[in-house]
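Read through the structure below, which is laid out as structure tokens, and then see the notes.
The values are calculated or read from the model by the stated rules, or taken from the named source; none is laboratory data. A quick note: this is a predicted structure, and the numbers were derived from the prediction, not measured. Note that each Cβ is placed from the backbone with ideal geometry, even for glycine, and that neighbours are counted across all protein chains shown.
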Amino acid sequence: MAKKDTQLVRLARLGVVKPPKEKGELARKEQSSTSDTMKLLLRCNAAYDSLADARKRRKQCRDFNAGRQWDELVYIDGSWVKEKDYIRSQGQVPIVNNIYASLIHNVTGQYRNNPTKTMVIPRQPMDNDAEEVMTNAINAVHDLNYTDDLDAQLVKEKIFSGACTQRVSYDYFTERDRKDIKLRNINFNRLFFNTDIEDIRVMDDLRLIEEIHDCTIDEILSNRSYCKNSEDEKRIRDWYGAASKKAMEELYSSNGLSTDKLDKLDFLIPADPSKCRVIEVWELRLKKMLSCHDWLHADEYLAEVSDKAEIQCINQERIQEAQAYNQNAAEGGIDESQIPLIEYYEVNEQVWCTIHLTPNGNVLFEAEDPFEHGEHPYILSLGDLIDGEVYGIGYNWIPQQRGINRNAMLLEMLISSSAKNLLMIPEETLNGKSPEEFGEQWARIGGYIVYKPTKTGAKPEAISSSSTNVGIREMLHLYLDQIKSVSGIYGAIQGQEPANGTPASRYMMETQNASTNMLDFFKQFSSFKERRDRKVLKCIKQFYTDKVNIPVIGTRDNSIVVWNPVQLQDIDVDVKVLQGTETPTYRTMIDNMMAEFVFKGLMPFELYLEHSSESWTKPVLASINKLKDEATQAQQNNTAIPPELYEQLTNTLEQGADGADPKALELLKNLAA
């Protein structure tokens, strides 16, 4: 067809019709040649190497968070050694006071303590049910993927590297035995992209984005996009001939659950010899397209160049239809110049394409963008992008943490080397005793020492040095205050008790200042989540091809809404991430407000039971509704309500709240009469 039909695409994914060629795998003859893929690999390798400094800064922040704060190399006597090894060679112990990790935990705690909720906002007037369905569809995807944990991990990643990346795809969930929208965090060590980005939104500047995968040979052979038949299997085994399960035996004695493999990650060769390297590349490529303007339907769209013959046939049919009308028209007719044809011309259009490569440049899979949203599946956010340079906020905390460690160690060195109860004994006062005997008698409780005074007046003397009071403690406190100022995380927001005499106004001011200092950080992260959820909604529209039951998150009555792809496919909406209302404090406040409305007679008691977050309210509401239904049925049957039922229902309505429904009470009186 000249114009892409969304219904056709939807049916194609269900296997009803043959999928359009532009959304499937490229034919073998159209795939990139080996020389093209090797050139692409070289560009990707250059992009990966260009991020070496960013990965180094991230590693330094991560090591400080893990307590490895003396692992940096220093140049001593013509060789590079770790700082902790040099300190130990001097007979000292490298001390770590990990204030850095407590700051990380505090920022993560602030994020978790202020939950957000995604809301779908329509751009045109629409049914409220549709808005509710799309909102709950996005939040159901978050619930399926445990997005709270993923996002909390991304908060730490943003502190370390200044970047956070997620991937949105439609994939299989093994534990759920179904396909759905899948979210996955991307490790910064496995990600690379064109590094000439200047736009903090990372939208128009991004032309190339890739991810490094290390898979087992079984995972590759079970991927239907890579291996479709026995010939593909033989070819893939030849490409990855060195990888096997036996190679894992070499790793049994290696350091597990460590950062060694990712820190030493190579672009082409996996650190694990049992794994196969797959380089997934998404690139903007130039493609010839037809820019079409259909004057009959007042529509503009892009079509494939191969659709030119079909467009010409449509135009010819319209001309013939106009000519047939003119022949039968009594008077006048349609001028040929006024026939609403489809005008078209060739243009160059940039489209996203994906190609999965082996380290040798062999093509495992190549296709144009399979997503209807026409974008790559990644959401990339670069924090404080200034002149193409990105730093995590945790990088600014390192000098203060280093100063705290060095001053603490220096203070311990002074204390350990200072004189403590040193006994000075003039030789002429020993009176034949050994120094040990003299010292033993000196230290004994109630002991006494007899000696002859000398002409010089020398006598035994104990010396205790106070050489540690040289400003080290003041300098240590200075660094502790500086790290609070630099990070913006004061003791008040950490939950620390204020010093005696601290005014409450100052304590509140410190809490407010800390929240303000972190405001930009959390706003950037909220913007990232909006972009992510917008792409999630686009994928939902594409891949939810049948009606789907979606649970309403946050309800206790197992409410569901139904996703109808026919009704929701073409609705234009925007996605916003708003401050959440799922905190216990907020729910308690709402319950108290509704209870006050009930006591004042401004709200029926049944309405309070329906909307309260307390678990006991729903069974009570169900019992009241049951009693009402029985009373109504008794009235319809012209039977009087039993006295015991009347008394029970009256007590429920009258004693439950002053705002009970008066019509229900009147109904009871009539039934009991």
Discussion item. Looking at (1) in a helix (DSSP H, G or I); (2) modelled with pLDDT under 90; (3) surrounded by fewer than 11 Cβ atoms within 10 Å (Cβ to Cβ), which one does Asn326 not meet, given that it meets all the others?
Written reply: (3)
Worksheet, complete the sentence: When every residue in the stretch 336-358 that is farther than 23 Å from Val536 by Cα and of a type in the set (Val, Ile, Thr) is compared, the one surrounded by the fewest Cβ atoms within 10 Å (Cβ to Cβ) is Val347
Fill in: Residue, surrounded by the fewest Cβ atoms within 10 Å (Cβ to Cβ), within the stretch 93-115, restricted to residues that are at pLDDT 85 or above and not in a helix (DSSP H, G or I)
Val93
Worksheet item: If Gly361 passes every condition in (1) assigned to a loop (DSSP other than H, G, I, E, B); (2) loosely packed, with under 14 Cβ neighbours inside 10 Å but one, which one does it miss?
Response: (2)
Worksheet item: All but one of (1) part of a loop (DSSP other than H, G, I, E, B); (2) within 30 Å of Pro273 (Cβ to Cβ) hold for Leu296; which doesn't?
Response: (2)
Worksheet, complete the sentence: The condition from (1) assigned to a loop (DSSP other than H, G, I, E, B); (2) closer than 30 Å to Leu183 by Cβ that Gly333 misses is numbered (2)
Discussion item. So the check is Cβ under 7 Å with 6+ separation or different chains; which pairs have a first residue in the stretch 176-200 that's at positive phi and touching a residue at least 12 places away in the same chain (Cβ under 8 Å) and a second one that's surrounded by fewer than 17 Cβ atoms within 10 Å (Cβ to Cβ) and not in a strand (DSSP E or B)?
Written reply: none
Worksheet item: Among (1) buried (at least 16 other Cβ atoms within 10 Å of the Cβ); (2) polar (S, T, N, Q); (3) modelled with pLDDT of 90 or more, where does Ser32 come up short?
Response: (3)
Practice prompt. Scan the stretch 299-319 residue by residue and report those that are assigned to a helix (DSSP H, G or I) and touching a strand residue (DSSP E or B) at 6+ places or on another chain (Cβ under 7 Å).
Written response: Val305, Asp307, Lys308, Ile311, Ile314, Asn315
Worksheet entry | Set Pro453, Pro498: member being of a type outside the set (Gly, Ala, Ser), assigned to a loop (DSSP other than H, G, I, E, B), at pLDDT below 75 and under 30 Å from Met518 (Cβ atoms) | Pro498
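Yes or no, residue by residue, for (1) among the hydrophobic types (A, V, I, L, M, F, W, C); (2) at negative phi; (3) at pLDDT 90 or above; (4) surrounded by 13 or more Cβ atoms within 10 Å (Cβ to Cβ):
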residue: Asp53; (1), (2), (3), (4): no, yes, yes, no
residue: Arg58; (1), (2), (3), (4): no, yes, yes, yes
residue: Cys61; (1), (2), (3), (4): yes, yes, yes, yes
residue: Phe64; (1), (2), (3), (4): yes, yes, yes, yes
residue: Arg68; (1), (2), (3), (4): no, yes, yes, yes
residue: Ile76; (1), (2), (3), (4): yes, yes, no, no
residue: Val81; (1), (2), (3), (4): yes, yes, yes, yes
residue: Asp85; (1), (2), (3), (4): no, yes, yes, yes
residue: Gly91; (1), (2), (3), (4): no, no, no, no
Worksheet item: Looking at the stretch 157-215, what strands (runs of 3 or more DSSP E) fall wholly within it and have at least 1 residues that are over 24 Å from Pro359 (Cβ atoms)?
Response: 163-173, 178-185
Worksheet item: Which pairs do you get when a residue that is within 21 Å of Ile334 (Cα to Cα), found in the stretch 293-317, comes within reach of a residue that is of a type in the set (Asp, Glu), reach meaning Cβ atoms under 8 angstrom, with the pair 6+ apart or on two chains?
Response: His293/Asp299; His293/Glu300; His293/Glu343; Asp294/Glu300; Trp295/Glu343
Worksheet item: Would you pick out the residues in the stretch 116-141 that are without any contact (Cβ under 8 Å) to a residue 40 or more places away in the chain and crowded, with 21+ Cβ neighbours inside 10 Å?
Response: Thr135
Discussion item. For the stretch 371-394, which positions are outside any loop (DSSP other than H, G, I, E, B) and either closer than 23 Å to Val281 by Cα or of a type outside the set (A, V, I, L, M) (or both)?
Written reply: Tyr378, Ile379, Leu380, Ser381, Leu382, Glu389, Gly394
Worksheet item: Out of all the residues in the stretch 591-607, which are in a helix (DSSP H, G or I) and farther than 18 Å from Ser559 by Cβ?
Response: Asp591, Asn592, Met593, Met594, Ala595, Glu596, Phe597, Val598, Phe599, Phe605
